[in-house]
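Student: Okay, here's the structure, questions in a sec.
The values are calculated or read from the model by the stated rules, or taken from the named source; none is laboratory data. Since we're looking at a predicted model, the values are computed, not measured. We work out accessible area using only protein heavy atoms, side chains counted, and drop any ligands, DNA or RNA first. Shrake-Rupley method; radii C 1.70, N 1.55, O 1.52, S 1.80 Å.
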Amino acid sequence: MTDSIKVFHTKDGLEVNLVQKKGYKQSVVSLAAKFGSLSDHFMNEKGDFEKIPAGTAHFLEHKLFDKKDGDALVQLANVGADGNAFTSNGLTAYYFSAYQNIQESLSILMHFVQEPYFTKASVERERGIIEEEIASYQDDPFTVLYQGLLTAAYPKTAMAEDIAGTAESLQEITPELLYRVHRAFYQPGNLVLTVVGDFDFDTVCEWVESIQEEVKVEPSLSQEGLPVGPINDRSKGNGRKEMAVSLPRMGLLKKLHLVPGMSTVEQVQLAEMVLDIVFGEQSDWYQDCYQSGLIGDDFDYEVTIVDSYAYMTFFTAGEELDKKEKLIRERLEKIEEVIAQSGNDFRLLQKGLIGESIQSQDRLSRQALDEDFLLYGYSLFDKMKLITQFKQSDLLAYCQVALEQGPLTRFIVKKSR
């Protein structure tokens, strides 16, 4: 059954996506701020650019649930809703799922996200909680590997900082700073509300308009002219760290050029298809490497394109890491040749991705929390249409612009002696 989508804006600029899913009992609602870990500056009330300490977006996510009259999560639970939140590079999203009392839950969500309440004592308490969270990350080999790889590739940038920040950066976060940052980035015009479920459009529109008129929003701090993010070619080379691991692990990062005139979503889709064809489990290359024991189940790859950062990452583990790196490098050097000869593989991949997209549209949380939808307005259905329209020649053209010969950034987690 085809979904119906309605998009509108409230009087004060809040973007609202209504995704109607006929026959579904559950509803999933998210309210996302276009403010994530990569936002490292803002314009304060004096008109000056002010640095945002690493971890502030994540810290703010935690603290917005605390209210003078109690915990917003408890308030949601009291009306039968299951709430949560997450922070990524590009946004912070607050959401709930429920089978009843949708209007009441919606009101709680819209109020607690847009009406901050911070105290010195609660901020100090949260600082300790997040410091423990950060410390726990340092015992996770993959987290250390991934963050080490980003730090090696993008030193002294927001990408080099953990989303949760550091014990040092958390000391800079105060109630006053949180209020200023919230005022700068949590304005209605920088928020996206998404409602997915079986509902009447007019009824939900009335709910949203009515609730938003009740919300007390501080006057806007203009964020025009914010500093542009770092260029994509910063790198200090390779890195390594010793940990108590059973096998050494390696991460490789290949930077990409952004393609002028092409949306971020299109570039990600094309890059992912390229990687699937060249390095996917169905490829002859993977099967040969797997059968020979050079690549194992631990091999993985992904694409990230956000702001001015665009890169591919590859992960593997085991002995003979130099040999594994050489295999991946050589395969990357042949990427255009492989894509040019991938006619049948391309068609099979395209059909498989379309099937996966159709299945994903049955998962309400997948639709309500899709970052491409929240940030760029591309729904799962829009992305499926993109995939159906791509041709093999589009993948080849993308490679010719986005990829170039050059070094990979490497980070290794070694077994401690």
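Student: With the other protein chains left in place, how much accessible area per residue, in square angstrom, belongs to region 269-401 at a 1.4 angstrom probe?
Tutor: 48
Student: Read phi for every residue in region 400-409 and hand back ³J(HN,Hα) as whole Hz from Karplus 6.51 cos²θ - 1.76 cosθ + 1.60, θ = phi - 60°, with x for Gly and Pro.
Tutor: 5, 9, 7, 9, 9, 5, x, x, 9, 7
Student: Working out 0.36 nm times the residue gap between Lys351 and Arg329, then minus their Cα-Cα distance, what length gain in nm do you get to one decimal?
Tutor: On the way: separation 22, 0.36 × 22 = 7.92 nm, distance 2.85 nm.
Extra length from Lys351 to Arg329 when fully extended: 5.1 nm.
Student: Quote the accessible area belonging to Ser263 in square angstrom, nearest 10, computed with a 1.4 Å probe and with ligands, DNA and RNA left uncounted.
Tutor: 30
Student: Right, next: Which value, in Å², gives the accessible area per residue of region 81-221 when a 1.4 Å probe is used on the protein heavy atoms?
Tutor: 42
Student: Moving to a separate point now. Roughly how tilted is helix 380-389, in degrees to the nearest 10 and between 0 and 90, from the longest Cα axis of the chain?
Tutor: Long axis of 380-389 versus the principal axis of the chain: about 30 degrees.
Student: Still on this model: Starting from the coordinates of the alpha-carbon atoms of the chain, obtain the Kirkwood hydrodynamic radius over all distinct pairs and give the value in Å to one decimal.
Tutor: Numbers: mean 1/r = 0.0430 Å⁻¹.
Its Kirkwood hydrodynamic radius stands at 23.3 Å.
Student: Could you list, in their original order, any pairs among Lys323/Lys415; Lys68/Lys120; Lys51/Lys255; Lys254/Lys351; Lys326/Lys351; Lys351/Lys383 whose Cα atoms are separated by more than 21 Å?
Tutor: Violating the 21 Å limit, Cα to Cα: Lys51/Lys255; Lys254/Lys351; Lys326/Lys351.
Student: Consider just the alpha-carbon atoms of region 276-362 and return their Rg together with their Dmax, both in angstrom.
Tutor: 14.7, 43
Student: Rounded to the nearest 500, what is the chain's calculated 222 nm mean residue ellipticity when only DSSP H runs of at least 4 contribute -39500 (n - 2.57) each, over all residues?
Tutor: -13000 deg cm²/dmol
Student: Within the accessible area of the chain, what % is carbon and sulfur when the probe is 1.4 Å and the other protein chains stay in place? Before the final figure, lay out each step's value.
Tutor: Details: 9520 of 19640 Å².
Ligands and nucleic acids excluded, carbon and sulfur give 48 percent.
Student: Assign one of three labels to region 240-298, namely rounded, prolate or oblate, based on the Cα gyration tensor with a ≥ b ≥ c the square roots of its eigenvalues; rounded applies when a/c is under 1.5, prolate when it is not and a/b is larger than b/c, and oblate otherwise.
Tutor: Because a/c hits 1.5 or more and a/b fails to exceed b/c, region 240-298 counts as oblate.
Student: What is the projected area of the convex hull of the Cα atoms of region 103-202, averaged over all directions, in nm²?
Tutor: Quarter of the Cα hull surface area: 9.6 nm².
Student: Then there is this: With axes computed from alpha carbons, what is the tilt in degrees of helix 201-214 against the longest principal axis of the chain, rounded to the nearest 10 within 0 to 90?
Tutor: Orientation of helix 201-214: about 70 degrees from the principal axis.
Student: I've got another one for you. Amide H of Glu302: which non-local residues (sequence gap of 5 or more, or other chain) have their own amide H closer than 5 Å, using H built in the peptide plane?
Tutor: Thr313
Student: Any idea what diffusion coefficient region 33-141 gets from Stokes-Einstein, in µm²/s, Kirkwood Rh on alpha carbon pairs, 10 °C, 1.306 mPa s?
Tutor: 103
Student: Additional query: Using Cα pairs closer than 8 Å and at least 6 residues apart in sequence, work out the relative contact order for the chain, in percent.
Tutor: 22
Student: Per residue, what volume in Å³ does the convex hull of the Cα atoms of region 13-57 enclose? Provide the component values of the computation, followed by the final result.
Tutor: Values: hull volume 4.9 nm³, N = 45.
It is 109 Å³ per residue.
Student: Compute the length gained on full extension between Asp139 and Ser308: take 0.36 nm times their separation in residues and subtract their Cα-Cα distance, giving the result in nm to one decimal.
Tutor: That works out to 57.8 nm of additional length.
Student: Round to the nearest 10 and give me the degree value, 0 to 90, for the angle of helix 141-153's Cα axis relative to the longest principal axis of the chain.
Tutor: Around 80 degrees separate the two axes.
Student: Same structure again: Counting pairs of alpha carbon atoms under 8 Å apart in space and at least six apart in sequence, what relative contact order in percent does region 60-213 give?
Tutor: 21
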